[in-house]
Amino acid sequence: MPRYAMVIDLQSCVGCGSCSISCRSENNVPDGIYWSNKITETSGTFPNVRYHYIPTLCNHCDNAPCVRGCPTGAMHKLDNGITMHDPKKCIGCKYCEFNCPYGVIYFNWRKPHPFWQQKTQLLQGGTFTPVELTEKAGGKTIPYYNPEREDTLAGIRPKGVVEKCTFCDHRINKGLLPRCVEACPADARIFGDISDPDSEVSKLLGKFRPFRLREQLGTDPHIFYIRDFNPAHYQPTKGGV
Amino acid sequence: MKTEQSIPLMSAYLKNKGISRRSFLKATAATGAVVSLGSGMLPKMKALAAASAAPGTDQGQWLPATCQGCTSWCSQQVYVIDGRAIKVRGNPHSKVNVGASCPRPHLAIQQVYDPDRIKVPMKRTNPQKGRDQDPKFVPISWDEALDTIADKIMALRDNNETHKYMLMRGRYTYMRDILYDRMTKIIGSPNNISHSAICAEAEKFGPYFTEGLWDYRQYDVENARYILIWGADPLAANRQVSYYSSAWGTVINRAQIAVVEPRLSATGAKADIWLPVKPGHDGALAAAMAHVILTKGLWYREFVGDFHDGQNRFKTGQDVQEADFEEKYTHGLVNWWNLEIKDKTPEWAASRTGIPADQIKEVAMGYAKAAPHAISWVGGGPVMQVRGGYASMICHALNGLVGSVDNVGGTLAPNKVYTQDFPKPDEFMDEIAKKGKSHEKIDHRGRLEFPSLKKGKSGGGVVTNNAADGILNEDPNEIKVAVAYMNNFSFSAGQPERWERALSKIPFVVHITTNASEFSWFSDILLPNTHHLFEKWGYVKTHGNGYRHVSLMQPIIKRVGDYKTDENEICWLLAEKLAEQGFDNLLRHYKTYKDPETGREPANADEFALYALKYATQKLWDPARHEGGDKFSGWEEFAKIGVSNSDAYPYRKRWGKMKTKTGLFEFYSETLKEALEKHAKKHHTTVDHVMEVCDYQARGEKAFIPHYEEPLTAGDPDMYPFVFVDHKSRLNREGRSANCSWYYDFKDLDPGDEPWEDVAKLNPLDAKKLGIRNKDAIRLTSPTGTIECTAKLWEGVQPGTVAKCYGQGHWVYGRLASKVFGKEARGGNNNDLIPAVYDRLSGSTVRHAGTRVKIEKI
Amino acid sequence: MKQSSSLYPVWLGLIGLAILAGLFAAFRIFTQGHYLFNANDVLMWSLPLGVYIYLALTSTGLTLLASLPLVFGVKKLEPIAKRLVFLAITTLVGGFVAIGLELGNIFHMFYILLSPNLSSPIWWMGFIYSVELVVLAAKFWRLHRGDWHSLLSRMLGHISFVAAIVAPLMIGSVFGLTESRVTYFGPVMSIYCLLMAILSGTALCLFYHLLISRINGSHVTEDHESIFDDISQIFTYTLAVVLIFTLVKIVIESATVVPDFLNYRQYAQAFGGIGRLNTEVILGLILPLILMVIPGIRTGISSRMVASALVLAGTLAMHMEILLAGQSRPIGPKAEQYPDYISYFPSMYEWLVMLLAIAVALLLYTMGERYLDLKATPEH
């Protein structure tokens, strides 16, 4: 059984967010919920300033606090290392969200996609209502609904349960890369089986000194970061007194 | 997905469009290739699929498409299930965008399925026009809409005043000539006005008058060792964002990157050096860099040549004898030195640019030492300014010094392309048309004050934004009927309030658009357009990564509304209506666009669109007419792949054969000299007078060389203390993504911006002085306008400036785009602040260093 | 409530109104979702959860008090034992109402039984409180039947006591097991919850009995007065212990420069304060303690009522503040879309959830007083 992991090469990352936006359509994720997200930081003061960007997603921890704390096992581990959620078992206590050290779990506070439940027309007779448009396009709740998400999870998660990144398990099952990996224009995300020493992720982890987020918590996250967002050259110097 | 599953889908699509059984069969034959396209996995995914135990089945298929969210024009693939678009990715067959896709195309599925798109033609019922006048649009049939338009055009023809017809073009495909050129000409008007000058024409000015290239350059970044970027942000905006995003991780391994830009950009964030130049003073920086390169003897001798004795006589402040220097592939270096560069020391530049002299030297030397693999990348920042043409020249001239022009790791021209023009219109232009067309254009191009020297020709280029004044002043004549498509000048051009008045003045305006926009608000008929990425017939050509590709647009999803394509279907339908009214020249012309495979002439709009596309791209797909680049077995295969690549770039082929007057890279532009002298002669005056009238500082020979001109920024510094810095969003689909919720949910992908806010970014020091804190509501006021937005304190902005991303501030366009549709804007439109001023030599609208503003807390 | 009083129907009417309002809120929450709360994905647990913690712990405190006569044989307290058990049940029911409306999907609750996760403190908390409720109900049933000393009755007493010791530790460990939130992590929250349970339970016991005796207007017997003295003494000592514990906590939190604590400290005074002392500590712990130690004041019924009422309000406030301060700053990438600090004030629906929880408990108290002979003592 593979153990899936991701390496994110920060030097290749350009901070464009294609990962996060493409994730929305792949997984029918409502606005305000970010399965794929980022941590940014502007460091320094003018004119010596840089902006840094670290893409984030569920870390699919081996020792996942969200899984440990879930009272019903709705949040659970798959054999391939994916931290998976079953909304049918979720009681909506939000303890996983409270517990997650990485801020990647979100709660459905309302019926998802409220925009698409509107029944008003902008120009009478000349435009669609959001509900009409979805119907006419043949979607479900949203016009660009991806039915393939249903393979392993509710296509759209109902109100009252949490949701988060699943490493696109529905795609992996079909031999496809997670959508964020496919969509990354910079090939900054490298996906694979960390238990296979010949996988690309294993090779990269042997080449660079990776870091992981909040490693000291012992969660054993499986998103590894290599290199720097800005590996700038600089003039050698000893500084001065 | 299997073909048989998709045939019902295609037939549903075709039925939806209501075409005959006969043409249905034709269309199926023509597009069958598209639907049988495989799932298009990348090799590594195939490997993963092979390794996986139980590959599932895909419900949809990846179909080829083209993104026009910016002018990168990347080739894409769309995942389509049952005629419905689900997601988008880069087309792996393109060598330009190399299978990569920037974030923009993902927003396109929210555009194509925007409930606020107009789904049927509409007409205005409120005869009053104005910003406070609700047009009271009501839906009408296509027949009624087209009949009305035909009536108006016929009335002009009947009265011999076809020059009062005007066509305004916004985002186009290369099917553009059908509507923009042929229709306008055959109707008989000179007034086809493109948006080009509010885009980037000044950027092309420098390359043209140095190396004879009026076009965007491509940059050989993977072979570069130094990349000096002037006001461009290739990781976020225009052009080839996808390609540069894909390559950058490797590029920054090999090359040093220096970014000259008043605010910290996405590219600046990953750069070695950020040079926060004072807005408008880029030319001073470039001059000083040239000074350093020459005085330090670091120019690239293989390209530029050398002193006869090898002794460097370029010494600060000292003239050099022309005879002492023997140039190779360049012209006028010594002249340039004597006229401009000899005094432009780093110390001199430091006081103007705000960049320390040491840093200028460091960058200049680093850049020159990497020669010839050293790119000086000229973006819109330094050039879309009053006097920006010369900044364009001087920034680009650095490429000449280091020999990176047309060289490995340098700045390249577009590759050769093999598309062909549509049949000529001349024989279909009757006397009325010829007479009408002979009138002067409404934008005043070529007048003394608007040289607009595209490709060296006086009045060669458009002065888009000035057309509003032409209309308002009925100069040279009034405009009675206007057709506009995929443009929104009353939002996207500087000082858009002028357009509001100009459009209100035109008795009959037709707007072909996806959304009812600020332009539509003043229109009489709205025609619902197709979306380029999913619904159009068309193609574009673009270049990058040493290749040029031609990428196809085909209808690949079910049209939810009754949309029709601007540049072909609508033209045909209108031509039919005109023919019904006794004027069949246009229809007869269109019938000459025959299917290259069968020789048949088109019988309806759908066939016309398809045949026109096949005609224009024939040399790409027809093996019998192949002239270069990718080879296809025929149209079917080309339609399936969706993109054709040129051959690889031939380096150094243009050395000595540039399309300048001398054939050389001109540091002293004989080409510009000739153009300016011709323009002056046309107006019976001197070049100095032209310079004066056009707001330039240069006099005498300086007018012909790349040189620094002080910026001309509107607003008294005491009253308006901050220079306004406009920049573009990596999520802007040319200002059309403002009704997409993802635009707002991810707005902070632009460094310094915030989700669901329209922020003006201030340096914390300035903010403190003004007593402004994060999230405060603020008002920005320039001499021409006022906007309200949200304050953001950010270190990535230089003190004394305020930076704001373009894209928000719509007061129409959609329920998300505006706060109250038709009444209140969400955020502020930068263009309200920017005056309608020009770089008159190129005709470009000014976007940068154009105005000062004052900032008040609300 | 004096049953003959003309105010009785008014009282019932008020409770009825409160419950109706609460049910309206419940309906809206079930149909519309929890966006009706002023909570979000940073500050996800708000007033309803605070009310749950507060009521559950108070119930635990009452159970522990009831154990004195029922488990440890303190005969002197037998006259209040049955009422304490009843109060523990009803208060816990109120707590369950609060958490029931806090949970996103209570219809999935059966998975707690079908698919238990024994490593989850939430599961244990739910399990133990469920057991506690059943055991307390059974115990009450035995007491109501006059069975105070059978093996079964004593067994039930012992089980409820053990559950009452473990339950607050479990609530505490829900917080104490979050490695990601340093300000909660560790056993401190468990100990704190146990102490707070005793404090708020004792306060409720004292307040309630004083109120009942005042409403009934009946002459307070010397026996009862002596019982109140004892309860007051327990109350006073618990107050002192909680205050010391709280002060130590404040001192440690003030001394550290671990960023999480700095942030926590920055926002730990939602209700204001003097220096590092929070308002609710001053009004909810220090002031009552002063009232309860000054001779001459401490024995007065009014001062005892005031002190216990202050503690009842103060403990809820303290739970809320700890709850909010630990969630007020976004974790990791959530800082991208949320402000640095989430300010919070309960929405109408959250107030209504609290109202419903308390109204249900009050209704049950009222009914119990009327029909269940809560004054019963064993027949010796």
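Could you list the residues of the stretch C:219-244 with an amide nitrogen less than 12 Å from a label point located 7 Å from the Cα of C:Thr299 in the Cα-to-C-beta direction? Taking a point 7 Å out along Cα→Cβ of C:Thr299, the residues of the stretch C:219-244 whose backbone N falls under 12 Å are C:226, C:229. In this structure the amide hydrogen of B:Phe137, modeled in the peptide plane, comes within under 5 Å of the amide hydrogens of B:Thr125, none closer than 5 places in sequence on its chain. Every helix of 4 or more DSSP H residues in the protein assembly as shown counts as -39500 (n - 2.57), and over all residues that averages to -11500 deg cm²/dmol at 222 nm.
Taking every residue in A:28-40 and counting other chain Cβ atoms within 10 Å of its Cβ, the average works out to 4.
Specify the angular offset, from 0 to 90 degrees and rounded to the nearest 10, of the alpha carbon long axis of helix B:3-16 from the longest principal axis of the alpha carbons in chain B. Around 80 degrees separate the two axes. A simple spin-label model places pseudo-atoms 7 Å from Cα toward Cβ; at B:Met719 and B:Arg652 they are separated by 5.8 nm.
Remark: relative contact order (chain A) = 32 percent; criterion is Cα-Cα distance under 8 angstrom and separation of 6 or more residues.
By the rule of a C-alpha distance below 16 Å, with chain neighbours fewer than 8 residues away ignored, the lysines paired with B:Lys416 are B:Lys95, B:Lys541, B:Lys619, B:Lys631, B:Lys653, B:Lys657, B:Lys659. Treating r as the C-beta distance of C:Ser343 and B:Asn774 and R0 as 25 Å, the FRET efficiency rounds to 0.95. In the stretch B:265-399, a dipole from Cβ-located charges (positive for Lys and Arg, negative for Asp and Glu) runs towards its positive end, and of B:Thr345, B:Gly380, B:Ile360 it is B:Gly380 whose Cα lies farthest in that direction.
Reducing the stretch B:261-325 and the stretch B:757-785 to their Cα centroids gives an inter-centroid distance of 36 Å. Given R0 = 51 Å, the distance between the Cβ atoms of B:Glu326 and A:Glu41 translates into a calculated FRET efficiency of 0.45. Express as a percent, rounded to the nearest 5, the fraction of DSSP beta bridges in the protein assembly as shown (both residues included) that run antiparallel. If I count the DSSP bridges inside the protein assembly as shown, around 60 percent turn out antiparallel. Peptides B:199-205, A:185-191, C:186-192, C:309-315, ordered by how many other C-beta atoms sit within 10 Å of their residues on average, highest first, read B:199-205, A:185-191, C:309-315, C:186-192. Taking the centroid of alpha carbons for each part, the stretch A:193-215 and the stretch B:120-176 are 61 Å apart.
A protection proxy built from the mean count of other Cβ atoms within 10 Å ranks the segments B:785-796, B:552-563, B:262-273, most packed first, as B:262-273, B:552-563, B:785-796.
For the stretch C:10-371, the equivalent ellipsoid derived from the alpha-carbon gyration tensor has semi-axes of 32, 25, 20 Å in decreasing order.
Quick one: go through the stretch A:161-188 and flag any residue whose amide nitrogen is under 16 Å from the point 7 Å out along the Cα-to-Cβ line of A:Phe208. A:181, A:184-188, by backbone N distance to the label point. Which one of B:Asn604, B:Gln618, B:Pro555 is farthest out on the positive end of the charge dipole of the stretch B:523-625, using unit charges on Cβ (Lys, Arg +1; Asp, Glu -1) and the Cα centre as origin? Highest projection toward the positive end goes to B:Gln618.
With a 10 Å cut-off around each Cβ of B:805-818, the average count of Cβ atoms from other chains is 1.
Once the Cα atoms are used to define both axes, helix B:21-35 deviates from the longest principal axis of chain B by about 40 degrees. Over all distinct Cα-Cα pairs of the stretch B:722-834, the Kirkwood formula returns a hydrodynamic radius of 13.9 Å. For A:Ile39, the residues 5 or more places off, or on other chains, whose built amide H falls under 5 Å of its own are A:Ile54, A:Thr56.
Only lysine pairs 8 or more places apart or on separate chains count here, and in the stretch A:66-138 those with Cα atoms under 26 Å apart total 9. Counting Cβ atoms of other protein chains within 10 Å of each residue's Cβ and taking the mean over peptide A:117-125 gives 6. Less than 5 angstrom separates the built amide H of B:Gly828 from those of B:Gly809, all sequence-distant by 5 or more or on a different chain. Between 0 and 90 degrees, the angle of helix C:301-325 with respect to the longest Cα principal axis of chain C falls at about 30 degrees. For the stretch C:10-371, lysine pairs with C-alpha atoms less than 29 angstrom apart, excluding pairs fewer than eight positions apart on the same chain, total 4.
Taken as Cα centroids, the stretch C:139-153 and the stretch B:599-633 sit 95 Å apart, rounded to the nearest whole angstrom.
Partnerless cysteines in chain A, where a partner means another cysteine C-beta under 4.7 angstrom, comprise A:Cys13, A:Cys16, A:Cys23, A:Cys61, A:Cys70, A:Cys90, A:Cys93, A:Cys100, A:Cys168, A:Cys184. Using C-alpha pairs under 8 Å with a sequence gap of at least 6, the mean separation divided by the residue count of chain B gives a relative contact order of 18 percent. Each of B:Trp794, C:Leu62, A:Ser12 was placed along the dipole of the protein assembly as shown (beta-carbon charges, centred on the mean Cα), and the one lying farthest toward the positive end is C:Leu62. Each peptide among C:37-49, C:126-138 gets the average number of other Cβ atoms lying within 10 Å of its residues, and from highest to lowest they stand as C:37-49, C:126-138. What the phi angles of the stretch A:128-145 give under the Karplus curve with 6.51, -1.76 and 1.60, with θ = phi - 60°, is a coupling list of 8, 7, x, 5, 4, 4, 4, 4, 5, 6, x, x, 9, 6, 10, x, 9, 4 Hz, glycine and proline written as x. Within the same chain, lysines fewer than 8 places from B:Lys434 are excluded, and of the rest, those with a Cα less than 20 Å from its Cα are B:Lys152, B:Lys164, B:Lys185, B:Lys424, B:Lys480. Each Cα pair under 8 Å and six or more residues apart adds its separation to the average, and for the stretch B:722-834 the resulting relative contact order is 31 percent.
Every number in this text was worked out from the coordinates using simple rules, so none of it is lab data. It should be emphasised that the depicted structure is a prediction, and the values quoted were computed from it without experimental measurement. Positions of Cβ are backbone-derived with ideal geometry, glycine not excepted, and every protein chain shown enters the neighbour counts.
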